[in-house]
Amino acid sequence: MSYEKVTEFRSRLIIGIKQTQKAMKNGEVSEVFIADDAEKHITQKVANLAEELGIPCQRVDSMKKLGKAAGVEVNASTVAVKK
């Protein structure tokens, strides 16, 4: 279900760790998606920030599928939906 949601919001996505964290800190994010097969020490920072800021955080199983759902040709460890 989460991949379909990412695809639905394709025009409002922020892709990647750094861009996601920046947008979260600026209050621009309504929801975050994190791939479980991404490096934990990196994605944990995003998960912790989402929890701290009260942003809903969804887990998906594959970076490859997350990137494809987001409309990019590379793997994506995190994707955020802009408000």
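Derivation of every value follows stated rules applied to the coordinates shown; laboratory data play no part. Quick caveat, the model's predicted, so the values are computed rather than measured. For neighbour counting, all protein chains shown are included, and Cβ atoms are generated from backbone atoms with ideal geometry for every residue, glycine included.
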Subject >> Across Lys40/Lys83; Lys25/Lys64; Lys25/Lys83; Lys45/Lys65, pairs whose alpha-carbon gap is larger than 24 Å >> reply: Lys40/Lys83; Lys25/Lys64
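Which number comes out as Rg/Rh for the range 2-82 once both Rg and the Kirkwood Rh are worked out on C-alpha atoms? Write out the running numbers ahead of the final one.
Numbers: Rg = 10.9 Å, Rh = 12.0 Å.
Reported Rg/Rh, Kirkwood definition of Rh: 0.91.
If the chain between Ile42 and Ser62 were fully stretched, how many nm would it gain, using 0.36 nm times the residue separation less the Cα-Cα distance? Don't jump to the answer; show the numbers that get you there.
Numbers: separation 20, 0.36 × 20 = 7.20 nm, distance 1.52 nm.
Answer, rounded to one decimal: 5.7 nm.
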Original post:
Mind ordering 34-40, 23-29 by average Cβ neighbours within 10 Å, highest first?
Top reply: 34-40, 23-29
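Mind ordering 9-15, 77-83, 49-55 by average Cβ neighbours within 10 Å, highest first?
Numbers: 9-15: 15.6, 77-83: 21.4, 49-55: 13.9.
Result, highest mean Cβ count within 10 Å first: 77-83, 9-15, 49-55.
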Original post:
What's the center-to-center distance, using Cα atoms, between the range 15-38 and the range 44-83 in Å?
Top reply: 6
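Counting helices only, and only those DSSP H runs with n ≥ 4, report the 222 nm mean residue ellipticity of the chain as the sum of -39,500 (n - 2.57) divided by its residues, in deg cm²/dmol to the nearest 500. Don't jump to the answer; show the numbers that get you there.
Values: 4 runs with 38 residues, N = 83.
Using -39500 (n - 2.57) per qualifying helix, the result is -13000 deg cm²/dmol.
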Original post:
Taking 0.36 nm per residue of separation and subtracting the Cα-Cα distance, what length does fully extending Glu52 through Lys82 add?
Top reply: 9.0 nm
